[in-house]
Amino acid sequence: MPKQSAPGELRTIAPKLVDLTDDVLFGDVWERPGLSPRDRSLVTVSALTALYRGEQLGHHLGVALDNGLSVAELSEAITHLAFYAGWPNAMTAINQLKKTTGERGCA
């Protein structure tokens, strides 16, 4: 999986949070062998959708695409989540997927 990091501009205000993000979350948790990066992305996108965390969702949709999930698979997962996480959450996530794929030219 490509190296991820918290945005560099956050380091000036929250250096420890950025270190924990880089070292623990992306350097350890995301690298554990129990799930593939693709599966971790699907879990992460699902959690962010269910919890209505749109600010983080766009980034992780891009990571999910990089980790091998297709637009169709992400769309299907979000559609499925509409019935468990709520319609507004799913609509926000699908709009974020549309934006992300449009920016990448893979819509």
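Okay, here's what the table says:
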item	result
One residue from G54, G102 being surrounded by fewer than 17 Cβ atoms within 10 Å (Cβ to Cβ) and more than 12 Å from the chain's Cα centre (by Cα)	G102
Where M91 falls short, out of the listed (1) open to solvent by less than 30 Å² (accessible area, probe 1.4 Å); (2) free of Cβ contacts under 8 Å to residues at least 12 places away in the same chain	(1)
T49 in a helix (DSSP H, G or I), open to solvent by 20 Å² or more (accessible area, probe 1.4 Å) and modelled with pLDDT of 95 or more	no
Residue ID - surrounded by the fewest Cβ atoms within 10 Å (Cβ to Cβ), chosen from residues in the range 63-84 that are of a type in the set (V, I, T) and closer than 11 Å to T100 by Cβ	V71
Index of the failed condition, T12 passing every other in (1) among the polar types (S, T, N, Q); (2) over 19 Å from E73 (Cβ atoms); (3) buried (at least 16 other Cβ atoms within 10 Å of the Cβ)	(3)
Test: residue in the range 17-24 that is open to solvent by 50 Å² or more (accessible area, probe 1.4 Å) and under 24 Å from A90 (Cβ atoms)	no
Meets criteria (in contact with a Leu (Cβ under 9 Å, 6 or more places away or on another chain) and either of a type outside the set (A, V, I, L, M) or at pLDDT 95 or above (or both)) for V43	yes
Pairs, first at pLDDT below 95 in the range 11-39, second part of a loop (DSSP other than H, G, I, E, B) and basic (K, R), C-beta under 9 Å, six or more apart	L17/R11; V18/R11; D19/R11; D22/K3; F26/K3; G27/K3
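The values are calculated or read from the model by the stated rules, or taken from the named source; none is laboratory data. Just so it is clear, the structure is predicted and the values come from calculations on it, not from any experiment. Virtual Cβ from ideal backbone geometry, glycine too; neighbours counted across all protein chains shown. These accessible areas exclude ligands, DNA and RNA; they are computed on the full protein's heavy atoms, side chains included. Shrake-Rupley method; radii C 1.70, N 1.55, O 1.52, S 1.80 Å.
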